[in-house]
Amino acid sequence: MPETSDLQNKIDAAFADRELLTDAAHRAAVEEALALLDRGELRTASQKEDGSWETHPWVGRAILLYFGLRKMEVQEVGPFEFHDKIPLKKNLEAQKVRVVPPGTVRYGAFLEPGAVLMPGYVNIGARVGSGTMVDTWATVGSSAQIGQHCHLSGGVGIGGVLEPPGARPVIVEDGCFIGSRAIIVEGVHVEREAVIGAGVVLTSSTKIIDVTGEEPVEVVGRVPARSVVIPGMRNKTFAAGTYGIPCALIIGQRKASTDRKTSLNAALRDYDVSV
(Lines give C-alpha, C1' and ligand atoms only; values in the text may rest on other atoms or scores of the structure.)
Protein backbone atom coordinates (compact mmCIF):
# COMPACT_ATOMS: atom_id res chain seq x y z
CA MET A 1 0.00 0.00 0.00
CA PRO A 2 1.17 3.61 -0.53
CA GLU A 3 2.57 5.72 2.28
CA THR A 4 -0.48 6.84 4.20
CA SER A 5 0.75 8.07 7.60
CA ASP A 6 -0.31 11.67 6.95
CA LEU A 7 -3.73 10.56 5.73
CA GLN A 8 -4.13 8.30 8.72
CA ASN A 9 -3.21 11.04 11.18
CA LYS A 10 -5.69 13.50 9.68
CA ILE A 11 -8.49 10.92 9.52
CA ASP A 12 -7.94 9.70 13.07
CA ALA A 13 -7.94 13.30 14.31
CA ALA A 14 -11.15 14.14 12.42
CA PHE A 15 -12.84 11.00 13.69
CA ALA A 16 -12.05 12.09 17.26
CA ASP A 17 -13.14 15.68 16.61
CA ARG A 18 -15.69 16.08 13.80
CA GLU A 19 -15.24 19.86 13.88
CA LEU A 20 -11.98 19.28 12.01
CA LEU A 21 -14.04 18.36 8.95
CA THR A 22 -14.63 22.07 8.47
CA ASP A 23 -10.93 22.22 7.54
CA ALA A 24 -10.23 21.64 3.84
CA ALA A 25 -7.12 19.53 4.51
CA HIS A 26 -9.00 17.05 6.69
CA ARG A 27 -11.87 16.79 4.20
CA ALA A 28 -9.35 16.21 1.43
CA ALA A 29 -7.74 13.41 3.45
CA VAL A 30 -11.08 11.60 3.66
CA GLU A 31 -11.71 12.04 -0.06
CA GLU A 32 -8.20 10.80 -0.90
CA ALA A 33 -8.58 7.71 1.28
CA LEU A 34 -11.81 6.81 -0.53
CA ALA A 35 -10.20 7.39 -3.90
CA LEU A 36 -7.37 5.02 -2.93
CA LEU A 37 -9.92 2.42 -1.84
CA ASP A 38 -11.78 2.81 -5.12
CA ARG A 39 -8.55 2.29 -7.09
CA GLY A 40 -7.54 -0.73 -5.02
CA GLU A 41 -4.46 0.98 -3.62
CA LEU A 42 -5.84 0.84 -0.08
CA ARG A 43 -7.92 -1.80 1.68
CA THR A 44 -9.73 -2.26 4.97
CA ALA A 45 -7.85 -5.47 5.76
CA SER A 46 -4.76 -7.09 4.26
CA GLN A 47 -2.89 -10.36 4.55
CA LYS A 48 0.54 -10.33 6.13
CA GLU A 49 3.54 -12.41 5.07
CA ASP A 50 2.81 -15.03 7.73
CA GLY A 51 -0.68 -15.58 6.30
CA SER A 52 -2.56 -13.82 9.09
CA TRP A 53 -4.87 -10.89 8.40
CA GLU A 54 -4.60 -7.35 9.72
CA THR A 55 -7.52 -4.94 9.92
CA HIS A 56 -6.83 -1.23 9.32
CA PRO A 57 -9.25 0.67 11.62
CA TRP A 58 -8.35 4.10 10.25
CA VAL A 59 -9.62 3.06 6.81
CA GLY A 60 -12.96 2.15 8.36
CA ARG A 61 -12.99 5.56 10.05
CA ALA A 62 -12.41 7.19 6.67
CA ILE A 63 -15.48 5.41 5.24
CA LEU A 64 -17.65 6.57 8.14
CA LEU A 65 -16.39 10.15 7.77
CA TYR A 66 -17.09 10.00 4.03
CA PHE A 67 -20.75 9.28 4.75
CA GLY A 68 -20.79 12.41 6.89
CA LEU A 69 -19.33 14.53 4.10
CA ARG A 70 -21.67 13.34 1.39
CA LYS A 71 -25.13 14.77 0.70
CA MET A 72 -28.13 12.86 -0.56
CA GLU A 73 -28.51 13.19 -4.32
CA VAL A 74 -30.52 11.70 -7.16
CA GLN A 75 -28.59 9.44 -9.53
CA GLU A 76 -30.04 8.31 -12.83
CA VAL A 77 -28.82 5.30 -14.81
CA GLY A 78 -30.99 4.83 -17.88
CA PRO A 79 -34.53 4.15 -16.61
CA PHE A 80 -33.29 3.56 -13.06
CA GLU A 81 -33.30 6.26 -10.41
CA PHE A 82 -31.40 6.10 -7.11
CA HIS A 83 -31.37 8.45 -4.12
CA ASP A 84 -28.24 7.98 -2.03
CA LYS A 85 -25.11 9.57 -0.60
CA ILE A 86 -22.54 7.31 -2.26
CA PRO A 87 -22.05 7.37 -6.04
CA LEU A 88 -21.76 4.26 -8.18
CA LYS A 89 -18.39 2.97 -9.32
CA LYS A 90 -17.38 4.15 -12.78
CA ASN A 91 -14.94 3.30 -15.61
CA LEU A 92 -15.57 -0.44 -15.35
CA GLU A 93 -14.42 -1.12 -18.91
CA ALA A 94 -11.03 0.46 -18.26
CA GLN A 95 -10.72 -1.61 -15.10
CA LYS A 96 -11.47 -4.82 -17.07
CA VAL A 97 -14.41 -5.69 -14.84
CA ARG A 98 -17.65 -7.26 -16.07
CA VAL A 99 -20.86 -6.06 -14.42
CA VAL A 100 -24.13 -7.52 -15.72
CA PRO A 101 -27.24 -5.28 -15.36
CA PRO A 102 -28.56 -4.51 -12.81
CA GLY A 103 -25.44 -5.45 -10.83
CA THR A 104 -24.29 -2.59 -8.62
CA VAL A 105 -20.88 -1.60 -7.30
CA ARG A 106 -20.63 1.32 -4.93
CA TYR A 107 -17.80 3.86 -5.12
CA GLY A 108 -15.04 2.91 -2.69
CA ALA A 109 -15.26 -0.80 -3.53
CA PHE A 110 -12.63 -2.44 -5.72
CA LEU A 111 -12.98 -5.28 -8.19
CA GLU A 112 -9.72 -6.61 -9.56
CA PRO A 113 -9.42 -7.05 -13.34
CA GLY A 114 -11.24 -10.17 -14.46
CA ALA A 115 -13.84 -10.14 -11.69
CA VAL A 116 -17.45 -10.73 -12.75
CA LEU A 117 -20.52 -9.32 -11.03
CA MET A 118 -23.85 -10.77 -12.11
CA PRO A 119 -27.00 -8.92 -10.93
CA GLY A 120 -25.64 -8.67 -7.38
CA TYR A 121 -24.20 -5.99 -5.12
CA VAL A 122 -20.76 -4.96 -3.85
CA ASN A 123 -20.71 -2.38 -1.07
CA ILE A 124 -18.25 0.39 -0.19
CA GLY A 125 -14.87 -0.75 1.13
CA ALA A 126 -15.23 -4.30 -0.18
CA ARG A 127 -12.67 -5.98 -2.43
CA VAL A 128 -13.28 -8.79 -4.93
CA GLY A 129 -10.34 -10.65 -6.44
CA SER A 130 -9.45 -11.39 -10.04
CA GLY A 131 -11.28 -14.31 -11.60
CA THR A 132 -13.99 -14.29 -8.93
CA MET A 133 -17.67 -14.43 -9.84
CA VAL A 134 -20.30 -12.80 -7.65
CA ASP A 135 -23.35 -14.63 -8.94
CA THR A 136 -26.97 -13.51 -9.26
CA TRP A 137 -28.40 -11.80 -6.15
CA ALA A 138 -25.24 -12.45 -4.17
CA THR A 139 -24.11 -9.55 -1.99
CA VAL A 140 -20.67 -8.55 -0.77
CA GLY A 141 -21.02 -6.35 2.29
CA SER A 142 -19.00 -3.29 3.21
CA SER A 143 -15.29 -3.95 3.79
CA ALA A 144 -15.57 -7.69 3.04
CA GLN A 145 -12.46 -9.18 1.43
CA ILE A 146 -13.06 -11.80 -1.26
CA GLY A 147 -10.04 -13.53 -2.78
CA GLN A 148 -9.15 -14.52 -6.32
CA HIS A 149 -10.80 -17.31 -8.31
CA CYS A 150 -13.73 -17.69 -5.91
CA HIS A 151 -17.37 -18.34 -6.76
CA LEU A 152 -20.11 -16.78 -4.67
CA SER A 153 -23.15 -18.71 -5.88
CA GLY A 154 -26.64 -17.31 -6.33
CA GLY A 155 -28.09 -15.58 -3.30
CA VAL A 156 -24.96 -15.78 -1.14
CA GLY A 157 -24.88 -13.18 1.61
CA ILE A 158 -21.45 -11.91 2.66
CA GLY A 159 -21.96 -9.61 5.63
CA GLY A 160 -20.46 -6.17 5.92
CA VAL A 161 -19.06 -4.15 8.78
CA LEU A 162 -18.76 -0.40 9.26
CA GLU A 163 -18.81 -0.06 13.03
CA PRO A 164 -16.80 -0.31 15.13
CA PRO A 165 -14.09 0.67 12.62
CA GLY A 166 -11.60 -1.88 14.00
CA ALA A 167 -13.94 -4.86 13.66
CA ARG A 168 -12.61 -7.53 11.32
CA PRO A 169 -14.59 -7.88 8.09
CA VAL A 170 -15.59 -11.18 6.53
CA ILE A 171 -12.59 -12.69 4.76
CA VAL A 172 -12.89 -15.32 2.04
CA GLU A 173 -9.48 -16.36 0.75
CA ASP A 174 -8.46 -17.46 -2.76
CA GLY A 175 -10.09 -20.39 -4.52
CA CYS A 176 -13.15 -20.76 -2.28
CA PHE A 177 -16.56 -21.91 -3.49
CA ILE A 178 -19.57 -20.64 -1.55
CA GLY A 179 -22.82 -22.51 -2.24
CA SER A 180 -26.21 -21.00 -2.98
CA ARG A 181 -27.93 -19.06 -0.16
CA ALA A 182 -24.99 -19.52 2.21
CA ILE A 183 -24.57 -16.67 4.71
CA ILE A 184 -21.19 -15.59 6.10
CA VAL A 185 -21.20 -12.69 8.55
CA GLU A 186 -19.59 -11.14 11.66
CA GLY A 187 -15.96 -11.35 10.58
CA VAL A 188 -15.86 -15.09 9.84
CA HIS A 189 -12.64 -16.11 8.10
CA VAL A 190 -12.91 -18.73 5.33
CA GLU A 191 -9.43 -19.95 4.49
CA ARG A 192 -8.18 -20.75 0.99
CA GLU A 193 -9.93 -23.27 -1.26
CA ALA A 194 -12.66 -24.14 1.24
CA VAL A 195 -16.00 -25.36 -0.09
CA ILE A 196 -19.09 -24.07 1.73
CA GLY A 197 -22.23 -26.03 0.85
CA ALA A 198 -25.59 -24.51 0.01
CA GLY A 199 -27.49 -23.03 2.94
CA VAL A 200 -24.60 -22.97 5.43
CA VAL A 201 -24.86 -20.09 7.93
CA LEU A 202 -21.63 -18.94 9.55
CA THR A 203 -21.62 -16.28 12.28
CA SER A 204 -19.00 -15.43 14.89
CA SER A 205 -20.70 -17.85 17.31
CA THR A 206 -21.62 -20.68 14.93
CA LYS A 207 -20.04 -23.95 16.00
CA ILE A 208 -18.00 -25.36 13.11
CA ILE A 209 -17.52 -29.02 13.90
CA ASP A 210 -14.99 -31.29 12.22
CA VAL A 211 -16.66 -34.71 12.19
CA THR A 212 -14.02 -36.52 10.16
CA GLY A 213 -12.20 -38.04 13.14
CA GLU A 214 -13.22 -40.32 15.97
CA GLU A 215 -14.12 -37.30 18.14
CA PRO A 216 -15.69 -34.00 17.02
CA VAL A 217 -13.41 -30.95 16.98
CA GLU A 218 -15.06 -27.54 17.32
CA VAL A 219 -13.89 -24.15 16.08
CA VAL A 220 -15.70 -20.83 15.75
CA GLY A 221 -15.09 -17.89 13.42
CA ARG A 222 -12.78 -19.77 11.08
CA VAL A 223 -13.12 -22.41 8.36
CA PRO A 224 -9.79 -24.24 7.88
CA ALA A 225 -8.26 -24.32 4.42
CA ARG A 226 -9.70 -26.81 1.90
CA SER A 227 -12.49 -27.89 4.25
CA VAL A 228 -15.77 -29.14 2.81
CA VAL A 229 -18.59 -27.72 4.95
CA ILE A 230 -22.33 -28.52 5.03
CA PRO A 231 -25.21 -27.37 7.27
CA GLY A 232 -25.80 -29.35 10.44
CA MET A 233 -27.86 -29.38 13.63
CA ARG A 234 -26.92 -30.07 17.24
CA ASN A 235 -29.13 -30.55 20.26
CA LYS A 236 -29.15 -27.99 23.04
CA THR A 237 -31.21 -28.16 26.19
CA PHE A 238 -33.19 -25.12 27.30
CA ALA A 239 -35.60 -24.65 30.20
CA ALA A 240 -38.47 -25.55 27.89
CA GLY A 241 -36.81 -28.64 26.48
CA THR A 242 -34.17 -29.86 24.02
CA TYR A 243 -34.10 -28.32 20.56
CA GLY A 244 -31.90 -28.51 17.49
CA ILE A 245 -29.83 -25.43 16.76
CA PRO A 246 -27.83 -24.80 13.57
CA CYS A 247 -24.15 -25.59 13.25
CA ALA A 248 -21.77 -26.31 10.38
CA LEU A 249 -20.10 -29.66 9.76
CA ILE A 250 -16.67 -30.20 8.22
CA ILE A 251 -17.15 -33.52 6.46
CA GLY A 252 -13.81 -33.77 4.69
CA GLN A 253 -11.08 -32.08 2.72
CA ARG A 254 -11.18 -31.00 -0.88
CA LYS A 255 -9.19 -33.45 -2.99
CA ALA A 256 -6.25 -32.30 -5.08
CA SER A 257 -7.83 -33.90 -8.14
CA THR A 258 -10.93 -31.73 -7.90
CA ASP A 259 -10.97 -29.18 -10.68
CA ARG A 260 -11.50 -25.66 -9.38
CA LYS A 261 -14.12 -24.83 -11.98
CA THR A 262 -16.40 -27.60 -10.73
CA SER A 263 -15.22 -27.64 -7.15
CA LEU A 264 -18.57 -27.36 -5.37
CA ASN A 265 -20.32 -30.11 -7.31
CA ALA A 266 -17.31 -32.40 -7.33
CA ALA A 267 -16.29 -31.86 -3.72
CA LEU A 268 -19.76 -32.48 -2.32
CA ARG A 269 -20.33 -35.43 -4.65
CA ASP A 270 -17.19 -37.02 -3.18
CA TYR A 271 -19.03 -37.14 0.16
CA ASP A 272 -22.47 -38.06 -1.25
CA VAL A 273 -23.91 -34.64 -0.40
CA SER A 274 -26.20 -32.67 -2.70
CA VAL A 275 -25.40 -29.05 -3.61
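The values are calculated or read from the model by the stated rules, or taken from the named source; none is laboratory data. All values derive from a computational prediction rather than experimental measurement. No Cβ is skipped: glycine too gets one built from the backbone with ideal geometry, and neighbour counts run over all protein chains shown.
Taking the conditions exactly as written (in a loop (DSSP other than H, G, I, E, B), more than 21 Å from the chain's Cα centre (by Cα) and either in the same structural domain as residue 133 (by TED's automatic domain parsing) or buried (at least 20 other Cβ atoms within 10 Å of the Cβ) (or both)), does residue 94 satisfy them or not?
yes
Among the residues of segment 225-232, are any part of a loop (DSSP other than H, G, I, E, B), more than 20 Å from the chain's Cα centre (by Cα) and either exposed (fewer than 13 other Cβ atoms within 10 Å of the Cβ) or of a type outside the set (Asp, Glu) (or both)?
The answer is no; no qualifying residue exists.
Do you know which residues across segment 189-199 are within 16 Å of the chain's Cα centre (by Cα), assigned to a loop (DSSP other than H, G, I, E, B) and surrounded by fewer than 24 Cβ atoms within 10 Å (Cβ to Cβ)?
The answer is 191, 192, 193.
Could you count how many residues in segment 19-45 are in a loop (DSSP other than H, G, I, E, B), acidic (Asp, Glu) and under 21 Å from residue 114 (Cα atoms)?
1
Does residue 158 satisfy the condition of being in contact with a Ser or Thr (Cβ under 7 Å, 6 or more places away or on another chain), β-branched (Val, Ile, Thr) and under 27 Å from residue 59 (Cβ atoms)?
Judged against the criteria, residue 158 is a match.
Looking for something assigned to a strand (DSSP E or B), of a type in the set (A, V, I, L, M) and under 15 Å from residue 251 (Cα atoms) - is there at least one such residue anywhere in segment 168-184?
No, because not a single residue in segment 168-184 is assigned to a strand (DSSP E or B), of a type in the set (A, V, I, L, M) and under 15 Å from residue 251 (Cα atoms).
Taking segment 27-41 as the search range and keeping residues that are under 16 Å from residue 95 (Cα atoms) and touching a residue at least 12 places away in the same chain (Cβ under 8 Å), which one is surrounded by the fewest Cβ atoms within 10 Å (Cβ to Cβ)?
39
If a residue has to be among the polar types (S, T, N, Q), within 28 Å of residue 192 (Cβ to Cβ) and surrounded by 11 or more Cβ atoms within 10 Å (Cβ to Cβ) to count, how many in segment 42-76 make the cut?
The qualifying residues number 4.
Please indicate, with yes or no, whether at least one residue in segment 63-83 is of a type outside the set (Ser, Thr, Tyr), within 20 Å of the chain's Cα centre (by Cα), outside any helix (DSSP H, G or I) and modelled with pLDDT of 95 or more.
no
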